[in-house]
1. Along Cα→Cβ, 7 Å out, is where each label goes; now give me the distance between the ones at THR64 and VAL128 in nm to one decimal.
2. Just to confirm, what accessible area per residue do you get for the chain at 1.4 Å probe, in whole Å²?
3. How large, in percent, is the carbon and sulfur part of the accessible surface of the chain at a probe radius of 1.4 Å?
4. Work out which GluC sites (Glu not before Pro) in the chain are exposed loop sites (DSSP not H, G, I, E or B, at most 13 other Cβ within 10 Å) and give the longest gap free of them.
5. With label points built 7 Å along Cα→Cβ from the Cα atoms of GLN53 and GLU163, find their separation and express it in nm.
6. Hey, can you list the DSSP H helices of the chain whose Cα span along the axis is 15 Å or longer and whose average Kyte-Doolittle score is at least 0.0?
7. Given 0.36 nm per residue, what is the gain on full extension from ASN41 to ILE3 after removing their alpha carbon distance, in nm?
Amino acid sequence: MDILTALKTRRSVRTFKDQPVEEDKIKELIDAARLAPSGRNFQPVEYVVVTEQSKREELARLATYGKFIKDAPVCIAVFSKICDHDVEDGSAATENILLAAHGLGLASCWVAGYNKDYAEDVRKLLQVPEDYCLISLLPVGYSDSKPRPKNKRKLEEVLHWEEF
């Protein structure tokens, strides 16, 4: 699948089959994430792959809008060392995971983490050092649904030449 097709066809999925994700595919996702752009090539982003059911249930309990995390066979927690560009670097890595997952026939959904009330609890649960902040939680698995495309604003509505 070429990148433009992936961008145009990727959807957020919140229902997953009861089917494990192969370890080699999980490694591909993290490999794609580590290739994301990074301010001054600092590369502050780290990834915690959670497959243990009890931990996914606890993540689902903590995450305000991520109750479906418990149903995915994998959840990738994206953390960044606190720095001037932690959100940017972590978000770029998160998007790479979402696109790579789609390209590998997997489904995912971006569950916000940065500055959320539960971010510190997630950090402690996953035993991440204090100088890291949660960027996102990404449940990953094989889709158990066919999500419909969402209406997006037309190009003409968002494109501005030279000035707003």
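The values are calculated or read from the model by the stated rules, or taken from the named source; none is laboratory data. Model, not experiment: these values are computed from the prediction. Note that we place each Cβ from the backbone using ideal geometry, even for glycine, and neighbour counts take in every protein chain shown. Note: accessible area is taken over every heavy atom of the protein model, side chains too, but ligands, DNA and RNA are not part of it. Shrake-Rupley method; radii C 1.70, N 1.55, O 1.52, S 1.80 Å.
1. Placing both labels 7 Å beyond Cα along the Cβ direction yields 1.7 nm.
2. Accessible area per residue, the chain: 62 Å².
3. 50 percent
4. 53-129
5. Output for this residue pair reads 6.2 nm.
6. Qualifying helices: 86-103.
7. 11.4 nm
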